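Step one of this worksheet: look at the structure below.
The values are calculated or read from the model by the stated rules, or taken from the named source; none is laboratory data. Predicted model, so just to flag it, every value in this text is computed and none were measured. A quick note on method: Cβ atoms are made from the backbone with ideal geometry, for glycine too, and the neighbour counts reach across all protein chains shown.
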Amino acid sequence: MKSIQIELKADEISDLEHLYHQTKDIRTRTRVQIILLNGEQGMVSSAIASIVRMNDVSVQRILHRYQSKGLQGLEDEPRSGRPQKMTEAYLEKLLATVRRRPRALGLDYSIWTLDYLRDYMAKHTGMVLSRETIRRHLKEKGITFSRPQHKISSPDPDYEVKKKRSKKQETN
């Protein structure tokens with residue numbers, strides 16, 4: 001590939017700086033850094049490659065993509081691979097399920113675990129997803145699992161009084 005020197009206008013620099021500071025995607029941030037190093041500092045691709053720890057050809061490819069597509073050229077290109085198993089319908093059912101108590105659904109347990117949830121969803125949707133996939137998608141929606149806190153209780157109205165009395169006797 002032929003070495004490129006990009007001429008950046010003030011508004012392009014401003015847009016790139018904004019994207020650099022706003023993006024959470026490290027690959028996009030690195031690509032922006034490459035463009036800024038080339039366009040602002042006048043650095044050649046081999047010098048940039050040593051800074052960002054990429055090979056020279058990859059840096060040149062990023063510069064060409066920016067030159068031809070602008071900011072859109074800095075986004076990840078589509079990748080091949082297996083389609084995602086988690087569908088929007090599955091996720092909606094998963095969220096509706098996890099927000100209900102297992103006993104309300106006729107199950108023999110009181111709290112959800114990832115294994116219980118995976119088995120329940122497999123039975124009702126026919127799709128078997130890994131515990132990690134389910135956990136990750138729930139976490140994205142703000143739902144996390146923690147160890148259950150075991151609390152001993154009793155229907156006895158005097159239970160709390162008796163419990164405190166027994167704790168005092170233990171310390172004496």
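A few remarks follow.
- When the criteria are applied in full, Thr171 meets the requirement of being free of Cβ contacts under 8 Å to residues at least 12 places away in the same chain and either more than 30 Å from Ser50 (Cα to Cα) or in contact with an Asp or Glu (Cβ under 7 Å, 6 or more places away or on another chain) (or both).
- Subset of the range 132-155 (residues that are outside any loop (DSSP other than H, G, I, E, B) and more than 13 Å from Lys85 (Cβ to Cβ)): Arg135, Leu138, Lys139, Glu140
- Being basic (Lys, Arg), surrounded by 14 or more Cβ atoms within 10 Å (Cβ to Cβ) and in a helix (DSSP H, G or I) is a property that Arg103 lacks.
- Exclusive hit being loosely packed, with under 11 Cβ neighbours inside 10 Å, assigned by TED's automatic domain parsing to the domain that holds Leu19 and not hydrophobic (A, V, I, L, M, F, W, C), set Ser58, Ser68: Ser68
- Qualifying position, being aliphatic (A, V, I, L, M) and within 26 Å of the chain's Cα centre (by Cα), among Leu63, Leu94: Leu94
- Taking the criterion of being at pLDDT 80 or above and either surrounded by 11 or more Cβ atoms within 10 Å (Cβ to Cβ) or over 30 Å from Glu88 (Cβ atoms) (or both), the residues of the range 133-154 that qualify are Thr133, Ile134, Arg135, Arg136, His137, Leu138, Lys139, Lys141, Ile143, Phe145.
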